[in-house]
Structures are given as C-alpha cells and as structure tokens.
Amino acid sequence: MLKKMNFTTLIPAPRSAARTRRNRQLGISLIGLFLVGIIAVGLLALGFKTVPAVVEYIAIERAVQKIKNEGSTVREIQSAFDRHATIDDITSITSRDLDITKEGDRVVISYAYAKKIPVTDTVALVIDFSGTTRDRQRRDIP
C-alpha cells in the first residue's frame, strides 16, 4: 500500500514575522543620510578653515630652520626672518616674537603663538603652535 504524499506538508508555510524580516530593506534612512551629510559638511568646513593656519606654521618652521645658520647676532637672525616672512607671507609672528638664545656654540631659535580661527559668531577654534631648533632628546621605549 502506497501512501499518497502531500507536498504541502514538506514545505512549511512562511510565517509573517519571517516574511517581514526577509522583505525588509537594510541601509540608511533619508533622515540618517541628511544627518551624516550635515556632519560631513561641518567637518570639511572646519578642516578648510584650519588648513591655512597649518600651512603658515609649516612656513614658519621652514623659515626658522633656514635662518638658524644665517647669522650670529640676534639682529642678523631677526632681519633674516623678516625677509623670509615677507616672501612666505607669514603674519602670525614677527621677528620680535622669536626667542633667540645661544647654547654652547649653537644658536637656538624658539617660538610659540596661538592662532584663533573663527568657526561661527560665538565659537572659535584656538590652536597653539610652537617650535624650536634645539635638538630634541629621544626617549627609548622599553
């Protein structure tokens, strides 16, 4: 005697919860996309405002490294920095802001300044820059 097979019992019917999980699309919603876009635009705008300050800091660092051997007196080093500042359009510090000292037979030039970058009317980003021609001591990490 052969039993008649019912194919409907072999394939279970999908449940409503399983059906909604399978049919639901994954991804970011429109509101989430707007929020991510606003955050990205804000960070890019902040980055674009800080780039000129960093470029000027790099120009100051290069000018100080170039002038450390150009003179032996404070006045000669200051006039050399003024020449480089005119060429590189350095406006954040002047030659009077340089701390020029002598350690042994070497001239050491140090500087420090703060750059204020306005973000909005009531918010500003302040970056403290500093540098020196003194050799830095390296610490060995155990």
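The values are calculated or read from the model by the stated rules, or taken from the named source; none is laboratory data. Worth saying up front: this structure is predicted, and the values here are computed from it rather than measured. Because the Cβ atoms are built from the backbone with ideal geometry, glycine has one as well, and the counts that use them run over all protein chains shown. Heads up: the accessible areas ignore ligands, DNA and RNA and are worked out on the full protein's heavy atoms, side chains in. Shrake-Rupley method; radii C 1.70, N 1.55, O 1.52, S 1.80 Å.
Structural remarks
- Paramagnetic label reach from Tyr113 (point 7 Å along Cα→Cβ; backbone nitrogen cut-off under 19 Å): within region 24-60, residues 49-60.
- Per residue, the convex hull spanned by the Cα atoms of region 43-129 measures out at 95 cubic angstrom.
- Added length on full extension, which subtracts the Cα-Cα distance from 0.36 nm per residue, Leu125 to Leu30: 31.1 nm
- Between Ile87 and Ile38, the contour length at 0.36 nm per residue exceeds the alpha carbon distance by 13.8 nm.
- Sum of side-chain charges, Leu125 neighbourhood, beta-carbon under 9 Å (Lys, Arg +1; Asp, Glu -1): +3
- Probing with 1.4 Å while keeping every protein chain in the model, the per residue accessible area of region 66-110 equals 63 Å².
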